[in-house]
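Colleague: What follows is a single structure, and I will ask about it in a moment.
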Ligand code: HEM
């Protein structure tokens, strides 16, 4: 049993699911009363906070898995396929989009800057699309 790979897959499943949940949440919030919107925003914030840990876990487990290929002398790095390197671009974009969504949401909740709400949606969409692209490229690389 490869526990590190299992943890990696669990973390990325959480990250992919959370970003989709927050997209649906944002869609719902548009038609809600003020109280309903506040409750939905608290749920997004909770998933966003857990998401910080999830993104960290994806990186830690992913780098741990990659270290097996690279080896002590770095001799295996060249053997990683191009799809792995393309995957890493989407992992980077996933991370940046997550940070962008968290920062924009903090401005909306903390300072009442509602005009930033479309950016919360765009960044959350970017996080989700990057996660799906990373899954496809990981399966192309290692599947
Ligand atoms: C720091 C970032 C990451 C690194 C360094 C990394 C590295 C790796 C490595 C080396 C494997 C192969 C494990 C093996 O079978 O020996 C793997 C598997 C996998 N990774 Fe990542 N990963 C990262 C982030 C992600 C993200 C963000 C996703 C998707 C959202 C993802 C999706 C997958 C999937 C689906 C597999 C299983 C592929 C298969 O066995 O068919 N990874 N990862």
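None of the figures in this text is laboratory data; all of them are computed from the coordinates on show. All of these numbers come straight from a predicted model, not from anything done at the bench. Because the Cβ atoms are built from the backbone with ideal geometry, glycine has one as well, and the counts that use them run over all protein chains shown.
Colleague: Given points 7 Å out from each Cα along the Cα-Cβ axis, report the residue 21 to residue 135 separation in nanometres with one decimal.
Modeller: Computed distance between label sites residue 21 and residue 135 equals 1.5 nm.
Colleague: Residues of segment 101-143 with backbone nitrogen within less than 16 Å of a virtual label 7 Å along the Cα-to-Cβ line of residue 10, please, listed as ranges.
Modeller: none
Colleague: Under the 0.36 nm per residue contour assumption, what length would be gained going from the current alpha-carbon distance of residue 142 and residue 56 to full extension? Numbers along the way, then the final one.
Modeller: Values: separation 86, 0.36 × 86 = 30.96 nm, distance 2.17 nm.
Full extension from residue 142 to residue 56 adds 28.8 nm.
Colleague: With each run of n ≥ 4 DSSP H residues scored as -39500 (n - 2.57), what mean residue ellipticity at 222 nm is computed for the chain after dividing by its residue count and rounding to the nearest 500 deg cm²/dmol?
Modeller: Here the helix-only value at 222 nm equals -30500 deg cm²/dmol.
Colleague: OK, next. Distance in nm between label sites at residue 92 and residue 106, each 7 Å beyond Cα in the beta-carbon direction?
Modeller: 2.3 nm
Colleague: Moving to a separate point now. Hey, in the GNM for the chain with a 10 angstrom Cα cutoff, which one of 117, 47, 63 fluctuates hardest?
Modeller: Maximum fluctuation in the GNM of the chain, among the listed residues, is at 63.
Colleague: Express the Stokes-Einstein translational diffusion coefficient of the chain in µm² s⁻¹, to the nearest whole number, given a Kirkwood radius over alpha-carbon pairs, 20 °C and a viscosity of 1.002 mPa s.
Modeller: In µm²/s, the coefficient rounds to 133.
Colleague: Taking the chain as a Gaussian network, where each spring joins two C-alpha atoms under 10 Å apart, which residue of 80, 12, 94 fluctuates the most?
Modeller: Residue with maximal mean-square fluctuation among 80, 12, 94: 80.
Colleague: Choose one answer from 108, 91, 129: the residue with the largest mean-square fluctuation in a GNM of the chain with alpha-carbon springs under 10 Å.
Modeller: 108
Colleague: Right, here's the next one. Per the Kirkwood formula on distinct C-alpha pairs, the Rh of segment 74-143 is how many angstrom?
Modeller: Numbers: mean 1/r = 0.0752 Å⁻¹.
Final number for the Kirkwood radius of segment 74-143 is 13.3 Å.
Colleague: A further question on this structure: Report the extension gain between residue 3 and residue 65 in nm, rounded to one decimal, defined as 0.36 nm multiplied by the number of residues separating them, less their alpha carbon distance.
Modeller: Contour length minus the Cα-Cα distance gives 21.3 nm.
Colleague: Need one number: nm distance between label points at residue 113 and residue 77, each 7 Å from Cα along Cα→Cβ, rounded to one decimal.
Modeller: Label-label distance for residue 113 and residue 77, simple model: 3.8 nm.
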